[in-house]
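Structure first, commentary second.
The values are calculated or read from the model by the stated rules, or taken from the named source; none is laboratory data. Predicted model only: the values in this text are computed from it and were never measured. Heads up, the Cβs are rebuilt from the backbone with ideal geometry, glycines too, and the neighbour counts pull from every protein chain shown.
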Amino acid sequence: MSTDRTLIIDGHVDVLAVDGEYTFPLDAAIAGGLAAAVIPVRAGLIPRSAAPGAGAAEHEQSFAAIERVVAGSGGRAAVAPTPDAVVDNAADGVFSIVLGFQNARPLADLAAIERWLDRGVSVFDFGFIGNNRWATSSRPYPYAGVDVDHDGLSPAGAEAVALLNERRVVLDTAQVSPRARQQIVELSTAPVLASHNGLRAKVGEADRTIGDDEVRAIAEKGGVVQIVAFDGYHTPRGDHPRVVADIRELRERFGLRAHVGPSDYYALLDQETAGWDEQTFTDYFREYHAKVRHDWPRTDVERLIDSVDHVAELVGVDHVGLASDFHHGGGVAGWLDHTQTPHVTAALRRRYDETDVAKIWGGNLLRLWREVRADREAPVGAGAQPRRAAGPGRW
């Protein structure tokens, strides 16, 4: 087996939609010096009115796209089923795709989860936009969510945590609600991941941001928080007068209250939207995304690394990583695609020594993954904190 070195791993990046087909820009990733990326089998927003199983076709389409990228790579890319495979592939000059999974709403039972694990999924997130039968969401849009009677994990979600631990799959909490994240951390027998999140310490209450107590609890079990290169999670959208005025006008025009709070600039949580038809929601969302991105990007690479610093100072450099979230809204000035990745590495090197740069750029993720796959009695990986459950009511 090859030994570890500084391997640049994008902790979460989506497939790219081009003319109705999914693909992944492999050439850009290789040109940017990446060794690997976690790419999820994913389904997007699913309306609450959709039939059971809606989104399954999108899961299949994104999975097929990953297979096409590998098959058409001429040996330059491969799916890596283990952390050691990532290291060995890098030594051979092969780009590794680590299969993730996002949005379990289309999955009806544990057997459906197992089928995706059998197909190679290594990192699993129950959530996306809207609550589902497994867990409540960090973005509980009434238009997208299904009616649930659980706060956080459902009983089925708790069973799924045990299954994923048994199958030695990394539990990703990026898209679930704070309550679901707390329960996953408490129930999991292995460290957990927050794969692409911002920090409440930087922008306040916003969807897919996590608080300092959550960061501490994840780190205490040996987990990792990966800072996402999403502009609005480093520079508050509500600080821009044009964005504030435009969103106020948009909300009023669509019959919503003029201003509810900071969430107006990140999510659509108004209960009355549950009854919107698809065209109304699509029209609103198209305008909304254009308006909140006024003067985009307002965040640069240095501010992105400020968020890395916050986690490192709070819980140690062994518990922080990076993710681009490219092709799904990610990107900051200086890191707008994978070819610009050296700008991020240079910024890290201005603040951290090479050992810590290697941890942030993928070493911590590989360490977590190894610990998830290790015997439950094995020692925690180098630099990790002992695994212990967060106490009830910590968040």
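Structural remarks
- Residue list for the stretch 329-356, restricted to those being in contact with a Lys or Arg (Cβ under 9 Å, 6 or more places away or on another chain) and surrounded by fewer than 19 Cβ atoms within 10 Å (Cβ to Cβ): 329, 333
- For the stretch 149-178, a residue qualifies if it is under 20 Å from residue 52 (Cα atoms), crowded, with 18+ Cβ neighbours inside 10 Å and either in contact with a Gly (Cβ under 9 Å, 6 or more places away or on another chain) or free of Cβ contacts under 8 Å to residues at least 24 places away in the same chain (or both), and the qualifying residues are 150, 154.
- Any hit, the stretch 253-273, residues being in a helix (DSSP H, G or I), over 19 Å from the mean Cα position of the chain (by Cα) and aliphatic (A, V, I, L, M): no
- Here is the figure for the stretch 219-242: residues that are out of contact with any helix residue (DSSP H, G or I) (no Cβ under 6 Å at 6 or more places or on another chain) and of a type in the set (A, V, I, L, M, F, W, C) total 2.
- Residues of the stretch 124-160 that are of a type in the set (A, V, I, L, M) and out of contact with any helix residue (DSSP H, G or I) (no Cβ under 8 Å at 6 or more places or on another chain): 129, 144, 146, 148.
- Residue match in the stretch 29-50 (condition: farther than 30 Å from residue 146 by Cα, among the aliphatic types (A, V, I, L, M) and over 21 Å from the mean Cα position of the chain (by Cα)): yes
- One residue stands out among those in the stretch 166-211 that are closer than 22 Å to residue 144 by Cα and among the basic types (Lys, Arg): the one that is farthest from the chain's Cα centre (by Cα), which is 179.
- Answer from 181, 133, 168, 139 - the residue that is of a type in the set (D, E, K, R), in the same structural domain as residue 38 (by TED's automatic domain parsing) and on the phi > 0 side of the Ramachandran plot: 168
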